[in-house]
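What follows is a single structure, written as structure tokens, with notes after it.
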Amino acid sequence: MEPLLLVQGLAVRRGDRLLLRDLDLRLQPGERLHLRGANGIGKSSLLECLAGLRTAEAGQVVRRAPLHWLGHRHGVNLALSPLENLGYAAALLGAGEAAVLPALEQLGLGRQRHRPCAQLSAGQRRRTALARLLLSRRPLWLLDEPLAGLDAEGIERVGALLDAHLASGGAVLLTSHQPLPGRLGVFLERSLTR
Amino acid sequence: MWTWFHRLASPPWFYDFAGRLLPWLGLASLLLIGYGTVGGLLLAPPDYQQGEAFRIIYVHVPAAWLSLQVYLVMALAAAIALIWRIKLAECVVVAAAPIGASFTALALVTGMLWGKPMWGAYWVWDARLTSELVLLFLYLGVIGLHQAFEDARAGARACALLALVGVVNVVIVKYSVEWWNSLHQGPTISKIGKPSISLEMLWPLLGMTLGFMTLFGHALLRRLQNELLQREARSQWVRERWARGDV
Amino acid sequence: MSRLILALVQREARLWLRRKADALLPLLFLAITVTLFGLGARPNDPALAQSAPAVIWVCSLLAMLLGLDRLFREDREDGSLELLQVSGQPLALAVALKLLMHWVMTGLPVCLLAAPLASQLGWSGAGQGTLVLSLVLGTPVLTLIGGFVAALTLGLPRAGLLLPGLVLPLVVPILIFGSGAARLAQSGADPAGPLYFLAAALVLALTLLPGLAAAALRNASD
């Protein structure tokens, strides 16, 4: 099977520190890769590199599919409501306007959709960001700490989201300090160490 | 051609290459500036209009030429750095800026000293002096931007972008300032074939200019060597040369 | 594409509407500094009317610097910028539209206030139209240059201090031709030359700077 993401001999630098080197990685449809490691080890920088936000010091990253990105900065403007945030994201992602409301409802934000995000809790803001994943179908998901700030019910919903995505042939690469919810998919775990 | 280009751009090779070139550039600039100084300050006859005061052109004119040329070198390196992502070119941008700023400051100070006997004031809003002042601000901007970055590579690329916008701006500034005001005496050297100053005055001036150019080359290579050492302090080639005592 | 443009403009417009006061600050700054010039000179000094083009242009220039350091900061801090970069949409287009909205909210009011301020300085009648026209052509260039520098200094701890020092030398030609056009018109001469130059500078800035600002933004997130 063709991998959705192929990484060869990757080296990542932050400032004058070389965080990682000679990293090889492949992600097939239906696989989820859970990156673990201590704070500051370079998980976020690696993810940024895979998303094309950071230039690799060496090696190459091949993405064979469009991707959804959820960084540790959630990409939600606090002055705008969840509805406005998602409407904008839909235009960016080339998704239809009609997908916005169901996505918000699926993450339990139906009632809060008109309130400015500044008035929502951290968990609700995170849910707004997660709702973006449902706007358009993109096979590759890169998620940095998607569970941060979520309650038990929110984590359940993310589990269901991941299961549905993997079942339809998507792949997920994520970082998390918590155990992952959901049952489906080939579980791969990789710990980064110096 | 391309293999040569890439070899030149590799830090260890360039470091050694610069090391071999440096003494020759230093010697050449010493001789040329020495000749220019003696020829200009002692041998050339005084100007029939400006008297002895004209002798300041032996510093002012080369400094003013270099101040523009260094900016062009910087912008060229910036374009190379951004298009081909060559580290060495990034280093050239940040290494050239302080040298260019020094030439610009020198041209400004000597221009003002010249202005006092010529126009009766240290500062008049003359077109060339004014562009030179704006050029100094542009150089200081690049230096300030570089200082503000913690990450050397991101800082150098930001400086490269600024230098590119700056070089377009330098041209427009010169044009706009000339439109705004021209008080200065017309250019005396640019008439090719029949210079309007005497040869006795011209040769030392050319010598001085070449001397300033080689001085720039020397300073640039020295600063590039330092920049490379700092950036690659942890790499193998720096350690090897450190062990040899070759830094 | 048109839907994307609409969404980008709509987002900026909403954000501006939710902090309307920010749009008034440059205007207030301009009115105050011009008034200060009046107070610093002798009452009803005719020299003030003569230097009115320079005074208004310089004060507008400084007013347009306000808030530039915040132009991309919010988008960077909340991750919206990353989202835009990863989305695969042209970043230069988004930058251009953001700057356009920024100009509409800060530059356009400055242009509109120029004529009343010119009268306040004792410059009556002739040439005020040229002053406004020179500002309409010149202030978008100031926004474009300012936006480029804001992208360049994004995320730097001292961006607010660094920014004016980088922007001001770059806008020297705009000031010279803008103020020059107004001065020519004031003295009854034909200001067409510098106005054409300003128009040319605007076209040049529009073609080059959004792309360079996008490159600077990518560099800042690297």
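Values in this text are rule-based calculations from the coordinates and carry no lab data. Keep in mind that what you see is a predicted model, and the values were worked out from it rather than measured. Positions of Cβ are generated from backbone atoms using ideal geometry, with glycine treated the same way; all protein chains shown enter the neighbour counts.
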Any idea which of A:111, A:64, A:115 is in contact with an Asp or Glu (Cβ under 7 Å, 6 or more places away or on another chain), more than 7 Å from chain C (Cβ to nearest Cβ) and not small (Gly, Ala, Ser)? A:64
Evaluate the stretch A:14-28: report whether one residue or more is exposed (fewer than 14 other Cβ atoms within 10 Å of the Cβ), over 15 Å from the mean Cα position of the chain (by Cα) and aliphatic (A, V, I, L, M). no
Is at least one residue of the stretch B:56-71 surrounded by fewer than 21 Cβ atoms within 10 Å (Cβ to Cβ) and without any contact (Cβ under 8 Å) to a residue 40 or more places away in the chain? no
Would the stretch B:207-216 turn up any residue that is under 16 Å from residue B:10 (Cα atoms) and surrounded by 20 or more Cβ atoms within 10 Å (Cβ to Cβ)? no
Considering (1) out of contact with any Cys (no Cβ under 7 Å at 6 or more places or on another chain); (2) farther than 16 Å from residue C:222 by Cβ, say which one residue A:81 fails and leave the rest. (1)
Identify the single condition in (1) over 14 Å from residue C:136 (Cβ atoms); (2) part of a helix (DSSP H, G or I) that residue C:202 does not satisfy, given that it satisfies every other one. (1)
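Matching residues to (1) within 29 Å of residue C:48 (Cα to Cα); (2) out of contact with any Phe, Trp or Tyr (no Cβ under 6 Å at 6 or more places or on another chain); (3) facing another protein chain (nearest Cβ under 7 Å); (4) among the hydroxyl-bearing types (Ser, Thr, Tyr):
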position: C:144; (1), (2), (3), (4): no, yes, no, no
position: C:154; (1), (2), (3), (4): no, no, no, no
position: C:164; (1), (2), (3), (4): yes, yes, no, no
position: C:170; (1), (2), (3), (4): yes, yes, yes, no
position: C:173; (1), (2), (3), (4): yes, yes, yes, no
position: C:179; (1), (2), (3), (4): yes, no, no, yes
position: C:196; (1), (2), (3), (4): yes, yes, no, yes
position: C:206; (1), (2), (3), (4): no, yes, no, no
position: C:214; (1), (2), (3), (4): no, yes, no, no
I'm checking my understanding of the structure. Among residues of the stretch A:67-83 that are more than 7 Å from every other protein chain (Cβ to nearest Cβ) and free of Cβ contacts under 8 Å to residues at least 40 places away in the same chain, which one is surrounded by the fewest Cβ atoms within 10 Å (Cβ to Cβ)? A:83
Selection from the stretch B:147-166 of residues surrounded by 19 or more Cβ atoms within 10 Å (Cβ to Cβ) and not small (Gly, Ala, Ser) yields B:149, B:153, B:157, B:159, B:161, B:162, B:164, B:165
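Among the residues of the stretch A:158-178, what is the count of those that are surrounded by 18 or more Cβ atoms within 10 Å (Cβ to Cβ) and over 22 Å from residue A:66 (Cα atoms)?
Taking the stretch A:158-178 as the starting set, the residues that turn out to be surrounded by 18 or more Cβ atoms within 10 Å (Cβ to Cβ) are A:158, A:161-162, A:165-166, A:170-176.
Adding the requirement that they be over 22 Å from residue A:66 (Cα atoms) leaves A:176.
The qualifying residues number 1.
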Show me the helices (runs of 4 or more DSSP H) found entirely inside the stretch A:1-109 where at least 1 residues are more than 20 Å from residue A:136 (Cβ to Cβ) and of a type in the set (S, T, N, Q). A:43-51
What tally of residues in the stretch A:23-45 results from selecting those that are hydroxyl-bearing (Ser, Thr, Tyr) and in contact with a Ser or Thr (Cβ under 6 Å, 6 or more places away or on another chain)? 0
From the list B:76, B:108, B:133, exactly one residue is in contact with a helix residue (DSSP H, G or I) (Cβ under 6 Å, 6 or more places away or on another chain) and not acidic (Asp, Glu). Which is it? B:108
